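My questions all concern the structure below.
The values are calculated or read from the model by the stated rules, or taken from the named source; none is laboratory data. This one's a predicted model, so the numbers in the text were calculated from it and none came from an experiment. Please note: Cβ atoms are built from the backbone with ideal geometry, for glycine as well, and neighbour counts cover all protein chains shown. These accessible areas exclude ligands, DNA and RNA; they are computed on the full protein's heavy atoms, side chains included. Shrake-Rupley method; radii C 1.70, N 1.55, O 1.52, S 1.80 Å.
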Amino acid sequence: YQHFLKSHGVSTDTRQLEEGCMFFALKGPNFNANSFAQEALDQGARFVVIDDPNFRLNDKCLLVDDVLTALQQLAVYHRQQLSIPVLGITGSNGKTTTKELMKAVLNCKYKTFATRGNLNNHIGVPVTILSIPEGTEMAVIEMGTNKIGDIAELVSYAQPSHGLITNIG
């Protein structure tokens, strides 16, 4: 967590990496971002979180058992440090529009942060939580679903104090 606090945000994509961030080298069916560790450091990442020891280049490469799990656990810990209200929004459709409307209304009185775009899955929700800037007074987190159990998983990361379900179909 101390490494996260020394960083300026998080990234899971070297194409959108901001200098000083913490890069999480996620794996997918067609890629292994561990292989981008050097590129991320060259682009200015403060730390790179990897789960393959073959890509541990220096002390800026933080070796974990599983990068996705580390991202999710870091988000949970960070959320527990925040003492702000968090509105969780979910449903079959209308989530993104509702989130944007809620953000606009809440911003009239509170410094409000909301999920960017529709980053509402098991990666996007943790990234959103870790992106909440200091001084935020209220957060709006969008949570999507594709299968039974998705919302329970995402709620475990976001730990919303309030919830809104647009509809369920």
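Taking the range 35-46 only, how many residues are crowded, with 21+ Cβ neighbours inside 10 Å and not in a loop (DSSP other than H, G, I, E, B)?
The number of residues fulfilling the criteria is 3.
So, one more: Would you check which residues across the range 8-32 are at pLDDT below 95, among the hydrophobic types (A, V, I, L, M, F, W, C) and outside any strand (DSSP E or B) and list them?
Result: LEU17, single match.
Please count how many residues of the range 89-101 are of a type outside the set (D, E, K, R) and open to solvent by 70 Å² or more (accessible area, probe 1.4 Å).
Counting residues in the range 89-101 that are of a type outside the set (D, E, K, R) and open to solvent by 70 Å² or more (accessible area, probe 1.4 Å) gives 3.
Yes or no, residue by residue, for (1) in contact with a Phe, Trp or Tyr (Cβ under 9 Å, 6 or more places away or on another chain); (2) open to solvent by less than 20 Å² (accessible area, probe 1.4 Å):
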position	(1), (2)
LYS103	yes, no
LEU106	no, no
ALA114	no, yes
GLY117	no, no
GLU134	no, no
ALA139	yes, yes
ASN146	no, no
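What pairs come out if I take residues in the range 27-47 that are at positive phi and pair them with residues that are in a loop (DSSP other than H, G, I, E, B) whose C-beta lies under 7 Å away, six or more apart or interchain?
Every condition considered, the pairs that remain are GLY44/GLU19; GLY44/GLY20.
Could you grab me the full set of residues in the range 127-163 that are touching a residue at least 24 places away in the same chain (Cβ under 8 Å), closer than 19 Å to ASN107 by Cβ, part of a loop (DSSP other than H, G, I, E, B) and touching a strand residue (DSSP E or B) at 6+ places or on another chain (Cβ under 9 Å)?
SER131, ILE132, THR136, GLU137, PRO160, SER161 - these are the residues of the range 127-163 that are touching a residue at least 24 places away in the same chain (Cβ under 8 Å), closer than 19 Å to ASN107 by Cβ, part of a loop (DSSP other than H, G, I, E, B) and touching a strand residue (DSSP E or B) at 6+ places or on another chain (Cβ under 9 Å).
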